[in-house]
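The values are calculated or read from the model by the stated rules, or taken from the named source; none is laboratory data. What you see is a predicted model, and the numbers here were worked out from it, not measured in a lab. A quick note on method: Cβ atoms are made from the backbone with ideal geometry, for glycine too, and the neighbour counts reach across all protein chains shown. The area values use the complete protein model at the heavy-atom level, side chains included, leaving out ligands, DNA and RNA. Shrake-Rupley method; radii C 1.70, N 1.55, O 1.52, S 1.80 Å.
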Amino acid sequence: MLKYDVLIVGAGHGGAQAAIALRQAKFSGSIAIVGAEQDLPYERPPLSKDYLSRKKSFERLLIRPPAFWDERDVTMLLGRGVVSVNPAKHLVETDRDEKLGYGLLIWAAGGGARRIGCSGHDLAGVHTLRTRADADRLIAELPNVSQAVVIGGGYIGLEAAAALTKLGKHVVVIEALDRVLSRVAGEPLSRFFENEHRANDVDLRLNTAVDRIEGVGTVSGVRLANGEVVSAQMVIVGIGIVPSVGPLIEAGAEGGNGVAVDAQCRTSLADVFAIGDCALHANRFANNLLIRLESVQNANDQATVVARTIVGNGTPYDAVPWFWSNQYDLKLQTVGLSMGCDDLVVRGDMTTRSFSIIYLRKGRVIALDCVNAVRDYVQGKRLVTEGLAIDRCLLADTAIPLKDLNAS
């Protein structure tokens, strides 16, 4: 049986960064990364953006070149998933019937794409977009696609819609709620992106429920709750993820929608940490609610916290969240979390397609959504980190740089 001083489950951003940060911190013990995919760690956000639109090759998505891992003495155990954890014996078992021992376990397994539960979900031509293999299957089918239906108006769905539109496909987006991005953004930003997609000939349907996906063997259309059938040769389902924490919960770890961790990302199991999309943690930028953050920033920053904790230089996780999305020629950059806001300020003219939306809670800045407004994004981070109370009129005045604003 192989045993490692640190065993990392998950070869995504968090798992890769944990290994990188450990070596940067001069950790000299053995490290192995177990990954369910055959690929070395790669960037996932471009899958629905530049990779899908064929602007980037897979090699450009690699987080580090292949030789890097050998040079840092990081063992890659790819093409296998962990199916059970035995915390008492410090063992994991893989789907290859392997047993791997660990001194410390870092769970960075992320999550799997949430499947739609309706009839027809398993037809050929119905896709999720979470892995390189997902994207490659989708790309391979594109030559035979004239119309695609995207189910879900979140970031993944809208990014996929933009990419397919630029590839000359007609796209129908179906969103069950009354606006896109409803879980992550205020109404002005939702309406802005709805207008942009419609201006690019996307058929965007709000307040629309799916009854089933139709086809014989292969998808032919999507039947809506009102009885209408929208024809399609491809369906992309983008309705969120399910955190991959089953083996930890079965082993007795606290959690549910994710695995619960403390400020150093420790789970309730001895010598087991969890980071990234699957880590349920108290976050001060969410008013100290328990949340999971599905972002590269969160995965990387939590990985660094764990590495420093392991080498005896630990500090609590307290990083300001940030996200981004590219759609058409629009770059959306978000800092902070807008959940719980009770007011917002639009900074700039939205018709110019360069503006920011600043979110407030009890008069304090909690988040910014910046569209083609990099300066606001960079300068606004301080306002969020410090939770400053700034006069609304000053926030709205584009003649005043955000870096010059201080608490009133």
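Got a sec? What order do T351, T208, T94 fall in by accessible area at 1.4 Å, biggest, i.e. largest, first?
I get T351, T208, T94, largest accessible area first.
Relative to 2.2 N^0.38 Å, what does the C-alpha radius of gyration of region 299-363 come to as a ratio? Two decimals please.
1.56
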Point to revise | Where C265, C393 fall by accessible area, highest first, once all protein chains stay in place (1.4 Å) | key: C393, C265
**Study point:** With DNA, RNA and ligands ignored, accessible area of H127 (1.4 Å probe; Å², nearest 10)
**Key:** 10
Exercise for review: Based on the mean of other Cβ atoms within 10 Å per residue, sort peptides 104-112, 297-305 so the most packed one is first.
Suggested key: 104-112, 297-305
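In the neighborhood of C278, defined by Cβ-to-Cβ distances under 12 Å, what is the net charge if each Lys or Arg adds +1 and each Asp or Glu adds -1?
Values: positive: R292; negative: D277, E294.
Counting the neighbours of C278, the net charge comes to -1.
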Study note, to complete from the structure: Any residue on another chain or 5+ positions along whose placed amide H is under 5 Å from the amide H of G81 is listed here as D95, R96
Review point. Roughly how many percent of the accessible protein surface of region 110-251 is carbon and sulfur, given a 1.4 Å probe and a whole-percent answer?
Key: 47
Review point. How many Å³ per residue does the convex hull of the Cα positions in region 126-187 occupy?
Key: 90
**Study point:** Centroid-to-centroid separation of region 211-244 and region 376-403 [C-alpha atoms, Å]
**Key:** 43
Review point. In the neighborhood of N298, defined by Cβ-to-Cβ distances under 14 Å, what is the net charge if each Lys or Arg adds +1 and each Asp or Glu adds -1?
Key: -1
Check your understanding: What order, most packed first, do the peptides 211-219, 59-67 have when packing is the mean number of other Cβ atoms within 10 Å of each residue?
Key -> 211-219, 59-67
Review point. Using a 1.4 Å probe, what is the accessible area per residue for region 195-325, in Å²?
Key: 42
Practice item. Specify whether the C-alpha gyration tensor of the chain places it in the rounded, prolate or oblate class, a ≥ b ≥ c being the square roots of the eigenvalues: rounded for a/c under 1.5, otherwise prolate if a/b is larger than b/c and oblate if not. Key: oblate
